[in-house]
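What follows is one structure encoded as structure tokens, with my remarks underneath.
The values are calculated or read from the model by the stated rules, or taken from the named source; none is laboratory data. This one's a predicted model, so the numbers in the text were calculated from it and none came from an experiment. Virtual Cβ from ideal backbone geometry, glycine too; neighbours counted across all protein chains shown.
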Amino acid sequence: MDDSREYPLRPIVGVGAVVQKGETVLLIRRGKPPLMGAWTLPGGAVELGETLQEAIRREVCEECSIDIAVGRVVDAVDILQHDDQGRVRFHYVVVDLAATFISGDLRAASDVQEARWVAPNDFGEYSLNEQTRRVVEEALGR
């Protein structure tokens, strides 16, 4: 079976986290496609044998060097990217979960250019896409 993330044979299951620390939310700037250079939520692909909760704890630790407590499922979203010929270049089905910061010193690690705690009122400075804003608002109960 081909396990390629680019031009996959089927959608890849991923996880994302709306991590809260006080009145702030964790945002990261992606270091790899898809969404390279974009500010978004931390997360990544679920590995074989992992639960959604295990996957998001691992991903947040790998990307940001922090530990989190995982809460409820907030939403499931499609991330689809086509190439110039109309072929599906990336297709992720991402399950977003609410989470809270437990411990660690925030720092950008694997696959991430930057990581920051951001107040929702300051999101305008980060060019978040509408889908990400909607997921954060839902997680925060707004």
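None of 19, 25, 15 is more than 15 Å from residue 61 (Cα to Cα) and in contact (Cβ under 8 Å) with a residue 12 or more places away in the chain except 25. Checked against the criterion of being out of contact with any helix residue (DSSP H, G or I) (no Cβ under 7 Å at 6 or more places or on another chain), closer than 19 Å to residue 104 by Cα, assigned to a strand (DSSP E or B) and aliphatic (A, V, I, L, M), the candidates 17, 69 yield just one match: 69. Annotation: residue 29 fulfils all but one of (1) out of contact with any strand residue (DSSP E or B) (no Cβ under 8 Å at 6 or more places or on another chain); (2) at pLDDT 95 or above; (3) surrounded by 13 or more Cβ atoms within 10 Å (Cβ to Cβ); the unmet one is (1). Cβ-Cβ distances below 9 Å connect the following pairs, each with a first residue in the stretch 67-80 that is under 13 Å from residue 41 (Cβ atoms) and modelled with pLDDT under 95, a second residue that is of a type in the set (A, V, I, L, M, F, W, C) and assigned to a strand (DSSP E or B), and a separation of six or more residues or different chains: 77/93; 77/94; 77/95; 79/90; 79/93; 79/94.
Any residue that is of a type in the set (S, T, N, Q) and either within 27 Å of residue 87 (Cβ to Cβ) or surrounded by 16 or more Cβ atoms within 10 Å (Cβ to Cβ) (or both) - is there at least one of those in the stretch 13-20? Within the stretch 13-20, one or more residues are of a type in the set (S, T, N, Q) and either within 27 Å of residue 87 (Cβ to Cβ) or surrounded by 16 or more Cβ atoms within 10 Å (Cβ to Cβ) (or both). Report yes if residue 101 is surrounded by 14 or more Cβ atoms within 10 Å (Cβ to Cβ), over 19 Å from residue 136 (Cα atoms) and either in contact (Cβ under 8 Å) with a residue 40 or more places away in the chain or of a type in the set (Ser, Thr, Tyr) (or both), otherwise no. No: the conditions fail for residue 101. Among the residues of the stretch 93-110, are any assigned to a helix (DSSP H, G or I) and closer than 12 Å to residue 25 by Cβ? Checked against the condition, which is being assigned to a helix (DSSP H, G or I) and closer than 12 Å to residue 25 by Cβ, the stretch 93-110 yields no hits at all.
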